[in-house]
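First the structure, in the form of structure tokens, and then the observations on it.
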Amino acid sequence: MKFTLIIDKEKDEEVVATVHQRSALIDEIEALISKHTDRIPGYTEDDIKMLSVSEIECVTVLDGKTYAIDSQNRRYRLKQRLYELEAVLPSSFIRINKSTLANEKALDRFTVTIAGSVDAVFKCGYTEYVSRRCFSEIKRRLDGK
């Protein structure tokens, strides 16, 4: 069996397997891949909207409830907990503090406050605090590019 991995940030993620027959390994691979989702239901007072993962800029916990913030800076209530979403969202979502996952592709810049803390500013204008522990991991990740 051959394995080829191509990393291209410009293309949509896709997994294609060519096999002679179905096996336990193929079933495991399929289960692993199907855990990954590209749409998540988001709730407002009036509607339920299927949010595309690519339009979500960050997922955060506010007042004990999980919200997705989209590219238009709108908030949608999510039923899943943050750790459940962290397991199914693509690797472009990184933890920036104890209660927030950020879409790396939606980060506009980092700003330093007068007190010396760092804030993440998203393309939609939303700003969120970045913990020191998470910032060191983010720096390593960005330097690796």
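The numbers here are math on the coordinates, done by the rules we state, and not lab data. Predicted model only: the values in this text are computed from it and were never measured. Positions of Cβ are generated from backbone atoms using ideal geometry, with glycine treated the same way; all protein chains shown enter the neighbour counts.
For segment 102-124, the tally of residues that are surrounded by 12 or more Cβ atoms within 10 Å (Cβ to Cβ) and closer than 18 Å to Ile69 by Cβ stands at 15.
Listed here are the residues, each with its yes/no results for (1) within 17 Å of the chain's Cα centre (by Cα); (2) β-branched (Val, Ile, Thr).
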site	(1), (2)
Asn103	yes, no
Thr111	no, yes
Ile114	no, yes
Asp119	no, no
Lys123	yes, no
Thr127	yes, yes
Val130	yes, yes
Arg140	no, no
Gly144	no, no
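Of the strands (runs of 3 or more DSSP E) lying entirely inside segment 6-101, those containing at least 3 residues that are surrounded by 10 or more Cβ atoms within 10 Å (Cβ to Cβ), touching a residue at least 12 places away in the same chain (Cβ under 8 Å) and of a type in the set (A, V, I, L, M, F, W, C) span 56-62, 93-97. With respect to Asp27, is the statement that it is of a type in the set (D, E, K, R) and touching a helix residue (DSSP H, G or I) at 6+ places or on another chain (Cβ under 7 Å) true? It is false that Asp27 is of a type in the set (D, E, K, R) and touching a helix residue (DSSP H, G or I) at 6+ places or on another chain (Cβ under 7 Å).
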